[in-house]
Every structure is written in C-alpha cells, then in structure tokens.
Amino acid sequence: MADDHATEKDSGSGSRMSDLGTYIRNQREGAKLSLRNLAKIAGVSNPYLSQIERGLRKPSAEILQAIAKALSISSETLYVKAGILEERLGDADLEHAIERDLHLTDAQKNALVEMYRSFRKLNDLQDDDGVGSRGGLRGIIDAMSTGDISDADVAAASGGPVPDDEI
C-alpha cells in the first residue's frame, strides 16, 4: 500500500494530481456527497480522500476504482486523469460501435450519432474558464449565428426539446 500514500513530489506530476483531485471533488459535489460520505462509501479515510482532492496524494488504481464506483462514474476516466492510462480518441470508436450494434435500427443509430456529435459541438463551444475566442455562451451564440451549430444541436445537447421544424 506504499503506492497509495505517494506524495505529489514522489509522483512527479503535481498538476495531474491537482487536476484529478479537482475532478473528483467536482464529481462528489455534483453527486451531493460530503467528503465523509464518499470516503465511507469508497472505503478510504476522510483525510486521505481530502489529500487526493487537494492533489497531495497519488492514489493507486484500486483506490481510484473504489472512488469511481462510489461516484458511479467510469474508473477509466479517473485512470486517464491520474496518468495511469492514456486517453483514447474515442470519437470514431464510439460512432463505429453504434454502427455495429445489431440491436438498433438504422434510424436509431443515426439519431445516436447525431446526438453525440451535438453534445461534442456544444462542449467544444462551452469554455468554462473563458479561454479562447468563442468560449462560453458567447461562443454558442456566435456558432449559431454562423451556422456552425443549430438550435436543434443546442436543444439536443442540453436535453431540451428539439423544435418541430428541426426533426
């Protein structure tokens, strides 16, 4: 278990651990869990989870898996953020997987791919930290005015209704 208690200095990737910790904290807060509750569900101590969230500790793959399970998120995502796995470029993989699914009709496959692309477009345009020339709401409005993204894309990606004329 010595790996579980490696410090940020030991890991050589302080920024990565900080990003991982911030991500875990955001997921915990989004799930409306206290630090104490998440620690209990994941089977780690409060201080240790706090140190992970602050980027001071590099958790093992097993600890990340327990945290992911407790948060009902993908452990692969945490592994990538911790530097255990390399990020896969999944766009084509996901679209190919949808196309290969034998349980879906062609219309369902097309709808899923288009919804996925809409989510991606919207996420690319939403820039929470304001970096970039088309970040945040302004970027979405600009993209809509230039035709880069439609009302239906925004509605589909935000879970809202799609206008009748866009169906």
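Please give the FRET efficiency for Ser74 paired with Asp106, using the beta carbon to beta carbon distance and R0 = 30 Å, rounded to the nearest 0.05. Numbers along the way, then the final one.
Numbers: r = 28 Å, r/R0 = 0.94.
Step by step, r from the Cβ atoms, then E = 0.60.
Amide H to amide H under 5 Å from Gly55: which residues, 5+ apart in sequence or cross-chain, H placed 1.01 Å off N in plane?
Gly21
If the cut-off is a Cα-Cα distance under 29 Å, which lysines reach Lys58, setting aside same-chain residues fewer than 8 apart in sequence?
By straight Cα distance, Lys58 reaches Lys9, Lys32, Lys40, Lys69, Lys81.
Every number here is computed from the coordinates shown, using simple stated rules; none is lab data. No experiment lies behind these values; they were computed from the predicted model shown. Cβ atoms come from the backbone with ideal geometry, glycine included; neighbour counts cover every protein chain shown.
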